[in-house]
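Each remark here refers to the structure printed beneath this line.
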Amino acid sequence: MKKRLFIGLCGIALAAMSAGTLHAHATTKTPVKTATQALKSGQEVTVSSFNELSDALKDVSVTNIKVGGNITFDSSILDIPQRSVTIDGQGHQLKMGGNHITGATGTTAASFTIKNTTITNVSNTGQPIEKFFVTTSENWSVDIAGGIDYTGERFLEVQNSAVTFSGKNTIHTSEENAWVRTLTFAVDSEYTATAATSGQFSAFYFNGNLVDGKASGKVTADKNAKVTITISPDNDNDYYYPAFYDKVDRIDVNEGATLNITAAGHALQFIPRSDYAETPSVNVADGGILHLVGHGGGKYATVKFEQANAKLTANPGASVYIEGKSDNVIETAKDSVISVTNADYDFRNALAGGHIFNAKTTRLSLNQVTLNTWNKTGGDYKDEPTHAWDELSLGTIIDGNASSNKTSTNTDAQSIFQTSDYGRISGEKEKQKIDSPVLNPITDKDTQLTGIGIPGDTVIITVDGKELGRVVVGADGKWVLPISPTLAEGKTVIATQTDGTLVSDPVQQVVTHLAAETKNYFALGYWQDYGLVIEGQMDNADWDLSDSTKITKYVNLVSDDNTVALKVDAANTNWFGSAVRYNGYQAVFKNEELTALPNGTYKVQIGTKGNGIDALQDLQATNTNGETLKTTPYRSEFDKIDTQTISGKTFTTSIKDNVCYLTIS
């Protein structure tokens, strides 16, 4: 037997001797330690035989045991002392041969951990027999810490213990996988199991003592855990028990976790009890997946809630799939609730003529989802749905197979929806979207398309169903896409925006002819620390706008009596339509200029002078595609520019008869 980190008994004695006696001891032989002496003085040992493993487990001072070779059990190892002890199989096998390990009872807190070993507990003919670890004590916790591959009759009989499966484990049992009090599949763990290959058994039996008089068993598939359990994999005759049975009142599928159960009969069940610690519930979190399939053995439903008020909740971002092959797929007791909010769901009966629900005054609540229904055809439901509704919310009470007292945001669904007619209902959560881009107006003379978007996102332009180009939005929130040749009048240009994962709704502009007619439009407005910035375009096909030094633009604020209360010069820009045509403007109303104005409502005007041009017009709010990017400071609708308060004065924007106004109050 190898040992590590020990201090020998003789070494301790030597340290206690006086210096004057050391010279005599130098000529005395050091006593040879026995294996038992070495073991008792260590905390970590390596074992290679059954006797060494048995001695290590029975020694309270040993907390870490490494297995140095395959070990065959000669007998059971009984009543190992309570403490924290870990067995690391290091890839070796434990051949139980019908034996097991038991943990002693007592009041000391203890934990039993095992990892990295293949464990077999089978007869000479290869039949699963016995269990691996047993204790009735309430003071042991059990951690199956990864790398475990077990075959036997039952893995654990620890009905009063908290059991955690971490890492990657595979369990195959002819009866239950385990008796437990609480069950956790740890973060990022993988658990693959079969149970009940030789009779009527659950996968996990919650059969321990009540806690303060309550049945309080919990199942948690923690973040990103992947749990796959098959009950009675070889036939549908062993249908009686679900995956988790008896004193269990809560099943949580946490963020990103998957709980996948295939059963001959019930996959999930809450039996009727008056002593539950809390109302029984199944809860699926954002990104969590609950996937249940029942084969209909014994005409059993896949889900059976026999306790009143039980709940199945699919939270936003979750996914729930429940399939059965019996008269009913989901059976519920009085006042149960099935709630799906902004989550994917699919409830289906593969048996032709079979119903989805058999319920007692159970509320079905579908919120912020699509809704598709199929008649009771059975099979795989590959045909198109009989009804398909876009995103809606719908609530109804189900009694027996039928629904009543319906309310919905969709009047058609509220009128038509009837659970007794359907063999399958399904839907998806609201599609996540990002803001649509702004696509500025386009003329048949433009050599570039422009707009605004979310910095770093990509704007994709299509014409006649074909991609014209794509461009990354700049850090300033603007984008420019050069085009050649120009687009013909009447063409429809479509723009979408993507962050690489999500795609926005499309926006569009129809190409217009640039005529010898003066037109202007507002493009975007936004507040900066120094004032209000507005940008737009003023153009005419007859104007020569190629030299910015010969053109001046200005913006007026005009009071009710038609006097100009404030005039600011605007910068020429070549952002719109063509890089060689300065038809754009950018004007800044400084904070000190605005706060000096009397309270009132002011009309906004835009003017252009130079090269024989002298034009002044009311600022028009039309010709934008009406998008407001909430994730940028830019507002492409004049009346959506953010309200601002400066030095006690409040500034708001509005539109009347398509003319832009600024109100100071």
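The values are calculated or read from the model by the stated rules, or taken from the named source; none is laboratory data. Note that the structure is a prediction, hence the values are computed from the model and not measured. Cβ coordinates were reconstructed from backbone atoms using ideal geometry, including for glycine residues, and neighbour counts include every protein chain displayed.
Kindly establish whether D561 is in the same structural domain as L619 (by TED's automatic domain parsing), charged (D, E, K, R) and either closer than 20 Å to T653 by Cβ or free of Cβ contacts under 8 Å to residues at least 24 places away in the same chain (or both).
Yes; evaluated as a whole, the condition is true for this residue.
State which residue is farthest from V480 (Cα to Cα) when the search covers only the stretch 562-572 and only residues that are part of a strand (DSSP E or B) and in contact with a Lys or Arg (Cβ under 9 Å, 6 or more places away or on another chain).
Step by step, filter the stretch 562-572, then rank; the result is V568.
Which count do you get for residues in the stretch 495-534 that are among the aromatic types (F, W, Y) and assigned to a loop (DSSP other than H, G, I, E, B)? Full working, then the answer.
So in the stretch 495-534, the residues among the aromatic types (F, W, Y) come out as 521-522, 526-527, 530.
From the residues that got through so far, the ones that are assigned to a loop (DSSP other than H, G, I, E, B) too are 530.
Residues that pass the stated criteria total 1.
Would you confirm whether any residue within the stretch 404-419 is in a strand (DSSP E or B), touching a residue at least 60 places away in the same chain (Cβ under 8 Å), touching a helix residue (DSSP H, G or I) at 6+ places or on another chain (Cβ under 9 Å) and over 23 Å from M538 (Cβ atoms)?
no
Counting only residues that are of a type in the set (D, E), out of contact with any strand residue (DSSP E or B) (no Cβ under 7 Å at 6 or more places or on another chain) and within 24 Å of E138 (Cβ to Cβ), how many does the stretch 189-235 have?
Matching residues across the stretch 189-235 total 1.
Under 21 Å from V303 (Cβ atoms), at pLDDT 95 or above, buried (at least 24 other Cβ atoms within 10 Å of the Cβ) and out of contact with any helix residue (DSSP H, G or I) (no Cβ under 7 Å at 6 or more places or on another chain): is that true of Q269 in this structure?
Working: under 21 Å from V303 (Cβ atoms): yes; at pLDDT 95 or above: yes; buried (at least 24 other Cβ atoms within 10 Å of the Cβ): yes; out of contact with any helix residue (DSSP H, G or I) (no Cβ under 7 Å at 6 or more places or on another chain): yes.
Yes.
List the pairs whose first member sits in the stretch 447-473 and is closer than 16 Å to P506 by Cβ, whose second member is among the basic types (K, R), and whose Cβ atoms are under 7 Å apart, counting only residues at least 6 apart or on separate chains?
Qualifying pairs under 7 Å: I452/K478; T458/R470; V459/R470; I460/R470; I461/R470; V463/K491.
Run L502 past the list (1) among the hydrophobic types (A, V, I, L, M, F, W, C); (2) closer than 29 Å to G607 by Cα; (3) in contact (Cβ under 8 Å) with a residue 40 or more places away in the chain; (4) outside the structural domain of I646 (by TED's automatic domain parsing) and report the number of the one that doesn't hold.
(2)
Of all residues in the stretch 508-527, which are out of contact with any strand residue (DSSP E or B) (no Cβ under 6 Å at 6 or more places or on another chain) and in contact (Cβ under 8 Å) with a residue 60 or more places away in the chain?
V511, H513, K519
What tally of residues in the stretch 422-434 results from selecting those that are crowded, with 19+ Cβ neighbours inside 10 Å, part of a loop (DSSP other than H, G, I, E, B) and charged (D, E, K, R)?
Number satisfying all stated conditions: 0.
Do you know which of the residues in the stretch 73-98 that are part of a loop (DSSP other than H, G, I, E, B) and over 41 Å from the mean Cα position of the chain (by Cα) is nearest to V45 (Cα to Cα)?
Taking the stretch 73-98 and keeping what is part of a loop (DSSP other than H, G, I, E, B), we get 73-76, 81-83, 89-92, 96-98.
If we keep only those that are over 41 Å from the mean Cα position of the chain (by Cα) as well, we get 73-76, 81, 96-98.
Values: F73: 18, D74: 20, S75: 21, S76: 20, P81: 16, M96: 21, G97: 24, G98: 25 Å.
Restricting to residues being part of a loop (DSSP other than H, G, I, E, B) and over 41 Å from the mean Cα position of the chain (by Cα), the top hit is P81.
Any residue in the stretch 171-182 that's over 21 Å from N237 (Cβ atoms): show its pairings with residues that are acidic (D, E) at Cβ separation under 6 Å, as long as the two are six or more apart or on different chains.
The qualifying pairs are W179/E157.
Right, A104: in contact (Cβ under 8 Å) with a residue 24 or more places away in the chain, crowded, with 17+ Cβ neighbours inside 10 Å and among the small types (G, A, S) or not?
yes
I need a count of the residues in the stretch 470-500 that are under 16 Å from T458 (Cβ atoms), out of contact with any Leu (no Cβ under 8 Å at 6 or more places or on another chain) and basic (K, R).
1
So which residues in the stretch 454-479 are over 31 Å from the mean Cα position of the chain (by Cα) and crowded, with 16+ Cβ neighbours inside 10 Å?
I461, T462, V463, L468, K478, W479, listed by residue number.
Out of everything in the stretch 236-264 that is under 22 Å from I289 (Cβ atoms) and assigned to a loop (DSSP other than H, G, I, E, B), what residue ends up being farthest from the chain's Cα centre (by Cα)?
A264
For (1) part of a strand (DSSP E or B); (2) surrounded by fewer than 17 Cβ atoms within 10 Å (Cβ to Cβ); (3) of a type outside the set (D, E), each residue gets a yes or a no:
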residue: D560; (1), (2), (3): no, yes, no
residue: S578; (1), (2), (3): no, no, yes
residue: E593; (1), (2), (3): no, yes, no
residue: I606; (1), (2), (3): yes, no, yes
residue: F651; (1), (2), (3): yes, no, yes
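I need a count of the residues in the stretch 254-265 that are more than 28 Å from L351 (Cα to Cα) and either in contact with a strand residue (DSSP E or B) (Cβ under 8 Å, 6 or more places away or on another chain) or touching a residue at least 60 places away in the same chain (Cβ under 8 Å) (or both). Spell out the reasoning first.
Of the stretch 254-265, the ones more than 28 Å from L351 (Cα to Cα) are 254-257.
Restricting the remaining residues to those that are either in contact with a strand residue (DSSP E or B) (Cβ under 8 Å, 6 or more places away or on another chain) or touching a residue at least 60 places away in the same chain (Cβ under 8 Å) (or both) gives 254, 257.
Count: 2.
Looking only at residues in the stretch 169-204 that are part of a loop (DSSP other than H, G, I, E, B) and within 26 Å of the chain's Cα centre (by Cα), which one is nearest to N116 (Cα to Cα)?
Residue satisfying both the conditions and the ranking: S189.
Could you tell me which numbered condition G353 fails, if it satisfies all but one of (1) crowded, with 24+ Cβ neighbours inside 10 Å; (2) assigned to a loop (DSSP other than H, G, I, E, B)?
(1)
Would you check which residues across the stretch 373-421 are more than 20 Å from K325 (Cβ to Cβ), among the hydroxyl-bearing types (S, T, Y) and buried (at least 16 other Cβ atoms within 10 Å of the Cβ) and list them?
Within the stretch 373-421, S393, T396, S403, S408 meet the criteria.
Hey, I397 hits all of (1) within 25 Å of the chain's Cα centre (by Cα); (2) under 20 Å from K304 (Cα atoms) but one; which does it fall short on?
Among (1) within 25 Å of the chain's Cα centre (by Cα); (2) under 20 Å from K304 (Cα atoms), the lone unmet condition for I397 is (1).
So which residues in the stretch 535-550 are part of a loop (DSSP other than H, G, I, E, B) and crowded, with 19+ Cβ neighbours inside 10 Å?
If the condition is that a residue be part of a loop (DSSP other than H, G, I, E, B) and crowded, with 19+ Cβ neighbours inside 10 Å, then W543, L545 are the ones that fit.
Which numbered condition trips up D383, out of (1) part of a loop (DSSP other than H, G, I, E, B); (2) in contact (Cβ under 8 Å) with a residue 60 or more places away in the chain; (3) of a type outside the set (A, V, I, L, M)?
(2)
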